[in-house]
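Colleague: This structure is in structure tokens; I'll ask about it shortly.
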Amino acid sequence: MELSRIPLQEALRYLGVRGEAPPELLAQVEQAWAELLPVCRPLHVWRLLERSALEEMGLEFPGEDLRTLLRDCGRVVLFALTLGDGPEALMRRATLTSPTKALILDACASAACEQACDDLQAALEARLCTQGCFPTDRFSPGYGDLPLTVQPALLQALDAQRRCGITLSDTYIMMPRKSVTAIFGLADKPQGKRARGCAFCSMRQNCSFRKAGITCA
């Protein structure tokens, strides 16, 4: 799996840039991309399940947000994706010489991970969504009222440690850090976009975007 594009503007947004980026920052971001992309090794695993099978597998998702998202769905797709250990090793080395460079690399890696998730979901939708089948948005632990405590069961259901090398800390942080788990549903009628914005996000009180006066929407 390779990235379909370099999400340069997304990386700048992670850095809190509003409007046009200064030329010197743009040059630093482009250099960071040049160093980052060769060490990204995207791996993923996915699984298609009947929604009724989730509880039988120990996949109980508390809260109302995901339940609302999947209310019309008979099937769900679970996936996990990681960029591998390369980006993190690169950031650690950069920290020793230039914290600014490490910060830029981190923003680029976050943007790359999100782009890889977009690419994977698009590929899965093309494969799974035949006529009369409609996907929902994807939803990840930590969004809305879906807690990070569901990560162990989700990763276990995907066999993500064996297949992708993703492990979980005692505080539910995935390693490698540039890793994502997500869920989306397949319904038999068109699905609206889920509610977005700060009011619906569980990170709204500690969000670095909000502190910078911007949002991730």
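Colleague: Quick check: anything in the stretch 75-86 free of Cβ contacts under 8 Å to residues at least 24 places away in the same chain and under 17 Å from residue 181 (Cα atoms)? Lay out the reasoning, then the answer.
Modeller: At the first step, the residues of the stretch 75-86 found to be free of Cβ contacts under 8 Å to residues at least 24 places away in the same chain are none.
Checked against the condition, which is being free of Cβ contacts under 8 Å to residues at least 24 places away in the same chain and under 17 Å from residue 181 (Cα atoms), the stretch 75-86 yields no hits at all.
Colleague: Looking only at residues in the stretch 41-89 that are outside any strand (DSSP E or B), more than 18 Å from residue 160 (Cβ to Cβ) and touching an Asp or Glu at 6+ places or on another chain (Cβ under 9 Å), which one is least open to solvent (accessible area, probe 1.4 Å)?
Modeller: Within the stretch 41-89, the match that is least open to solvent (accessible area, probe 1.4 Å) is 66.
Colleague: Follow-up question, since we're still on this one. Is one or more of the residues making up the stretch 125-147 of a type in the set (A, V, I, L, M) and at pLDDT 95 or above? Walk me through it before giving the result.
Modeller: Of the residues in the stretch 125-147, the ones of a type in the set (A, V, I, L, M) are 126, 128, 146.
After this cut, where a residue has to be at pLDDT 95 or above as well, the list is none.
Within the stretch 125-147, none of the residues are of a type in the set (A, V, I, L, M) and at pLDDT 95 or above.
Colleague: Does residue 30 satisfy the criteria of being surrounded by fewer than 20 Cβ atoms within 10 Å (Cβ to Cβ), of a type outside the set (A, V, I, L, M) and either free of Cβ contacts under 8 Å to residues at least 12 places away in the same chain or part of a helix (DSSP H, G or I) (or both)? Before you say what the answer is, go through the steps one by one.
Modeller: On the way: surrounded by fewer than 20 Cβ atoms within 10 Å (Cβ to Cβ): yes; of a type outside the set (A, V, I, L, M): yes; either free of Cβ contacts under 8 Å to residues at least 12 places away in the same chain or part of a helix (DSSP H, G or I) (or both): yes.
Spelling it out, residue 30 is indeed surrounded by fewer than 20 Cβ atoms within 10 Å (Cβ to Cβ), of a type outside the set (A, V, I, L, M) and either free of Cβ contacts under 8 Å to residues at least 12 places away in the same chain or part of a helix (DSSP H, G or I) (or both).
A quick yes/no check of all residues on (1) crowded, with 21+ Cβ neighbours inside 10 Å; (2) among the hydroxyl-bearing types (Ser, Thr, Tyr); (3) without any contact (Cβ under 8 Å) to a residue 60 or more places away in the chain:
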site	(1), (2), (3)
145	no, no, no
166	yes, no, no
173	no, no, yes
192	no, no, yes
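The values are calculated or read from the model by the stated rules, or taken from the named source; none is laboratory data. The structure displayed is predicted, hence computed values, not measured ones. Cβ coordinates were reconstructed from backbone atoms using ideal geometry, including for glycine residues, and neighbour counts include every protein chain displayed. Protein only, heavy atoms only, side chains kept; ligands, DNA and RNA dropped before computing areas. Shrake-Rupley method; radii C 1.70, N 1.55, O 1.52, S 1.80 Å.
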